[in-house]
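**Q** Dropping the structure in here first, questions after.
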Amino acid sequence: MLTPRSPKARLGLVGLVVAMVAAVAAGGPAHRPLRVDVPCGADRDLALVRAIDAVNSAGSGTVRLAPRCTYTLTAPQDAGRAGLPEVTGTASVIGQSSAIRRAAAAPPFRIVKVARGGHLTLAGTSVSGGTASGPGREALGGGIDNEGRLDLVSVVLTGNAADRGAGLYNGPRAQAALTRTTVSGNRAAVAGGGVANLGSVALERSRLSRNTARIGAAAFTADHTAAVTGTGRMTLVDSQVTDNDARVLGAGLYSTGSRSRLTVLGGAVHRNTSEGGAGGIFVSAGSALVSHAEVTGNTARATGGGVSANFAAVTLRDTTVTSNHADKGGGLYRPSGATVTSVRSRTEANTPDDCAAPGSVTGCGSTGAASRRGRLAART
């Protein structure tokens, strides 16, 4: 009997995947979609690599991971410095509480790279331990570096590190959609502890939590850098942005660039902390819409505990901005050059004030203490 760890069993597992690759190269029936199951055997990491190679060779296909199996990667596979082969075709990788991680003793590399023109759907899987380091693009996207199209469904990105986009880096022409996905406990040296985006990214019923970065700890979006021009579109629907920490600016959501647009529909931006400015949401140039959401319990040591706008147009609609704190502008901070429009929204019970400068936002109280006293007097 062959045991899962016997030499013959290992050769059989890898041989099965190699045979599939050979069949694809020989030109199998075009009408049959490629499907590769990757068992939880002794050489499952190598088998997973071969499976993705097979899908790339076929142009499209599905890789099914074993339930509750962990695939531990020990070395990068290509010039993209990813633990898995760069996705160049249309690939679906489907797990069932499965995990893909970098071995603790392995050299630094990201876990997944999606090439321009590639399309990856990843479901039911956690991605952890990726580390992107080095010059230029090598330091982008510790968990996933996406330059094509990416769909994440019930995925966990955790414990990854990079200069930018520790959990996910989404490039200037890339599109990403995250559904019921958690991006938590990732660390960026510069921007985007959870997500860094230059393209278009949408999150639905997802969570960004306990990520750290210099700026944009939970998520950073921009329409350009010094080297490239993107679109800078980020949309969150019924999602939670909680307990993220920024060393300088924008612990929750950070959006910058004249063409950038941030949209928050429902959900909450809660308990984020910045050692500098903008505890909850920071918008510099461009525009933002925050609708039917809660911005509560955020803290900044400088300005803008809840929302901070800088030469930007921000609209708050049916939104509450409460119980936030900063040295100035506990609820909203709107210096000259920015526009903040409040529609059926409440900004109250923030400290030391609801809005700065006083009178900068119509309907906003002058100080948190004063607004609370006024409400108490009205009740009596």
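The values are calculated or read from the model by the stated rules, or taken from the named source; none is laboratory data. All values derive from a computational prediction rather than experimental measurement. Cβ sites come from the backbone with ideal geometry, for glycine too, and all protein chains shown count toward neighbours. Calculation scope for accessible area: heavy atoms of the full protein, side chains included, ligands and nucleic acids excluded. Shrake-Rupley method; radii C 1.70, N 1.55, O 1.52, S 1.80 Å.
**Q** Per residue, how much accessible area does the chain have with a 1.4 Å probe, in Å²?
**A** Accessible surface, normalised per residue, equals 41 Å².
**Q** Oh, and also: Calculated from DSSP H runs of 4 or more alone, at -39500 (n - 2.57) each and per residue, what is the 222 nm mean residue ellipticity of the chain, nearest 500?
**A** The helix contribution divided over the chain gives -4000 deg cm²/dmol.
**Q** Also, I was wondering about something else. How big is Rg to Rh over the stretch 85-225, alpha-carbon atoms, Rh as the Kirkwood inverse-mean-distance radius?
**A** My calculation puts Rg/Rh at 0.92.
**Q** Still on this structure, please answer the following. In whole percent, and with a 1.4 Å probe on the protein chains, what portion of the accessible area of the chain is carbon and sulfur?
**A** About 53 percent, which is the carbon plus sulfur part of the accessible surface.
**Q** Tell me, Kirkwood radius of the stretch 29-86 from alpha-carbon pair distances, in Å?
**A** Every distinct Cα pair counted, the radius reaches 12.1 Å.
**Q** State, in angstrom, two size descriptors of the stretch 291-331 derived from its alpha carbons: Rg to one decimal place and Dmax to the nearest whole number.
**A** 10.1, 27
**Q** For the stretch 268-289 and the stretch 49-112, what is the separation of their Cα centres, given in Å?
**A** So the two Cα centres are separated by 34 Å.
**Q** Give me the dipole magnitude in Debye, nearest 20, for the chain about the Cα centre, with unit charges on the beta carbon: positive for Lys and Arg, negative for Asp and Glu.
**A** For the chain, the charge dipole is close to 400 debye.
**Q** Over the chain, calculate the relative contact order: mean separation of alpha carbon pairs under 8 Å at least 6 apart, over the residue count, as a percent.
**A** Once divided by the residue count of the chain, the mean separation gives 7 percent.
**Q** How large are Rg and Dmax for the chain when calculated on the C-alpha trace, in angstrom?
**A** Radius of gyration, then largest Cα-Cα span, for the chain: 23.1, 84 Å.
**Q** Give me the net charge for the shell around ALA188: Cβ to Cβ below 14 angstrom, other residues only, Lys and Arg +1, Asp and Glu -1.
**A** So the environment of ALA188 carries a net charge of +3.
**Q** What number comes out for the charge environment of GLY129, summing +1 per Lys or Arg and -1 per Asp or Glu over other residues with Cβ under 11 Å away?
**A** Computed value for this residue: +3.
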